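Read the figures in this text as sums done on the coordinates, not as results from a lab. Given the structure is predicted, the values throughout are model-derived calculations rather than measurements. So basically every Cβ, Gly included, is an ideal-geometry build from the backbone, and we count neighbours across all protein chains shown.
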């Protein structure tokens, strides 16, 4: 597979064309927007918590490329049904693998997120793939 | 229209052979380099001049009492004289070497701005300015308590002179304007802007980073007060740029960086400054860069700026026509006077995805906000793809671009 095909795998294109967890988040203040200054991508992530503080799920509203949109979409699926602590751990595992802090093979144990393995060969696009995850971490209540 | 129809003295294949990098392949494809507004490629003459300088003449300038020092100084000052002649400066002392257009504009903003601007004064910019012609002015405005005024653009991306007059206020001290837009390709009537500003007692700084590579620029014809450009966008090396300033203005301006070479004498009680232009060249300059820029000027003058302009106009006409045939393509900037820079989006495809697809086919374009976020906001888009041409590009490369765009539309569907 060419680098390009590694980058734009079918699962990524699918989540780009039909993003899951995407919503209008007009009620979320613009101060929550995270931007990628190199390309003008922007994303808002909203986290739902139960009244007693349990993580219920995340939604997002994004203007971005296929990589950042698909990453946000797959993120909402990957974190569903996890505890706050687990969500933080998943987010950091994903970010660390893409940044090269951890071996990229770490993504193999993360289901569909393994589709992002091809991104590490495109350093400029790592920011696209991790933008939603940074927005998620910021939207979570302090640990 | 075949490439044979538009000739620049020598045939296009022969000219392309002057640029070693143009014969590179990217994956399975020959490189189609359409990112010239970011940086142009370098002819062998420039690479060799730089290499020859380091191999034969390298020494520090204005210091050494030895043969190499004299050769290096002569080569450096000869490059300055070439630049001066190239842009029509009256004196070589009006040519200051910098790292690039960005540094040149910062020099004027910091030196002239901090010395001359008073609280309440205004700096007039346009909506099409590059960040490098916005942020230095914001920095000096914050320090001096000045205002930034912005002339709006028309829907086609042109700058109507009445917008300058409309924005004008009595505090306006300087107009800083691009001669050609790095996004829209618009070429501004700088000569008319200069005459408006001078009638009202203000100065004009011209950001010529995107114009110098494409057509002959004459500072005395424009009557501009300052003009900035980068070597690397005009077939020269990176890290060398030019600030032109009228002598009497540069004379009156305080130095902006202190250090070696910019002084006449230094004592702990106080120091005095060197003559122009060295007053503004603290530290060891980019000597090899200046020599390379001199070689770039020799190279383009060998072809002729008029011939380059004609060739690029033909390429522009072809690109405009062919891009217009791509379904769903929105082109930003259709001003009547433009240089070969085309920014666009295709359907709902993000600029980065589009550029990545073109890269797969060996086509190098730029995607992003092009260091012009206020302009992007005005256009209502987060990013755009930009294809920018040089005289060495071909109609065949335009065909490849258009073909890849159509395929990308299907791919991202």
Apply the Debye scattering formula to the protein assembly as shown, with a single equal point scatterer on each alpha-carbon and no solvent, then give log10 I(q)/I(0) at q = 0.05, 0.08, 0.11 Å⁻¹. -0.25, -0.63, -1.08
Sequence of A:13, B:68 once ranked by neighbouring C-beta atoms within 10 Å, starting from the fewest: B:68, A:13
Could you work out [θ]222 nm for the protein assembly as shown from helices alone, using -39500 (n - 2.57) per DSSP H run of at least four and dividing by all its residues? Round to the nearest 500 deg cm²/dmol. -11500 deg cm²/dmol
Inter-chain Cβ neighbour average for residues A:124-135, partner chain, 10 Å: 1
Beta bridges by DSSP in region B:47-301, antiparallel share as percent, to the nearest 5: 45
Arrange the following residues from fewest to most other Cβ atoms within 10 Å of their Cβ: B:293, B:323. B:323, B:293
Residue among B:388, B:111, B:271 with the largest mean-square fluctuation in a Gaussian network model of chain B, springs linking Cα atoms under 10 Å: B:271
Inter-centroid distance (Cα atoms) of region B:126-169 relative to region A:1-52, Å: 34
What Kirkwood hydrodynamic radius do you get for chain B when you take the inverse of the mean 1/r over all pairs of distinct Cα atoms, in Å? 22.3
So for R0 = 35 Å, FRET eff. of residue B:29-residue B:218 from the Cβ-Cβ r, to 0.05, ends up at 0.30
Compute the long axis of helix B:135-144 from its Cα atoms, compare it with the longest principal axis of the Cα atoms of chain B, and write down the angle in degrees, 0 to 90, nearest 10. 40
If contacts are Cα pairs under 8 angstrom and at least 6 residues apart, what is the relative contact order of chain B in percent? 23
Relative contact order in percent for region B:230-285 (Cα pairs under 8 Å, 6+ apart) equals 26
Computed over chain A: relative contact order in percent, which uses C-alpha pairs under 8 Å that are six or more apart: 29
Treating the angle as unsigned and between 0 and 90°, give the value, to the nearest 10°, between the Cα long axis of helix B:351-360 and the longest Cα principal axis of chain B. 70
Looking only at other chains, what is the average number of their beta-carbon atoms within 10 angstrom of each beta-carbon in A:4-14? 2
Please state, rounded to one decimal and in Å, the Kirkwood hydrodynamic radius that region B:1-147 gives when every pair of distinct Cα atoms enters the mean of 1/r. 19.8
How much of the DSSP bridge set in the protein assembly as shown is antiparallel, in percent, rounded to the nearest 5? 65
Expected sort for A:94, A:4 with the fewest Cβ neighbours (10 Å cutoff) up front is A:4, A:94
Across peptide A:61-68, what mean number of C-beta atoms from other chains lies inside 10 Å of a residue's C-beta? 5
